[in-house]
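What follows is a short report on a single structure.
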Amino acid sequence: MFRQKKKDRQKHEFQPRSHALIYLLAIVYLAWLLVQMLQSAWQGGADAPTNLELAGGILVLGGGIVLLAVLAWKMSRLPPKSSGETSEAEEEAGQSPADSAAAPEAEDAPALNEADDADS
């Protein structure tokens with residue numbers, strides 16, 4: 001009832017910049033958690049983390065921040081995909097539409113035989 005049929009679904013193209021923005025939001029959240037943990041450690045008190053918890057939190061949260069920063073940077077460097085780009089089959093073959101249009105002309109060109117090269 002609530003599910004769309006497969007043929008009715010539109011295929012969403014991969015947009016690297018939107019993924020990079022999501023990664024940046026996650027980086028901000030992890031940085032906020034790290035700051036909150038460090039503030040509670042500096043203030044002390046009954047709820048302050050132990051040195052082991054502090055080191056583990058810095059390692060996990062800091063590592064997550066670094067990992068997401070690298071992924072966001074890589075995603076932001078990818079070119080955005082537009083709707084008029086080549087199809088997946090042409091991309092796998094390594095040909096653009098202009099190359100595939102020029103390919104039949106190249107097939108009509110006469111081929112050199114090894115015997116022709118040996119005569120000269």
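Bear in mind that the values in this text are calculations on the coordinates, not laboratory data. Everything numeric in this text was worked out from a predicted model, so none of it was measured. Counting neighbours? That spans all protein chains shown, and the Cβs are built from the backbone with ideal geometry, glycine included.
Okay, here's what the table says:
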item: Calculated FRET value between LYS11 and VAL35, using beta carbons and R₀ = 41 Å, to 0.05; result: 0.55
item: Net charge over other residues, Cβ less than 15 angstrom from the Cβ of TYR23 (K, R count +1; D, E count -1); result: +3
item: Other-chain or far-sequence residues with amide H under 5 Å of GLN15's (modelled H); result: none
item: Net length gained if the chain between LYS81 and TRP42 were fully extended (0.36 nm per residue, minus Cα distance); result: 9.4 nm
item: Residues listed by number, the range 25-47, amide nitrogen under 17 Å from VAL60 label point at 7 Å toward C-beta; result: 27, 29-41
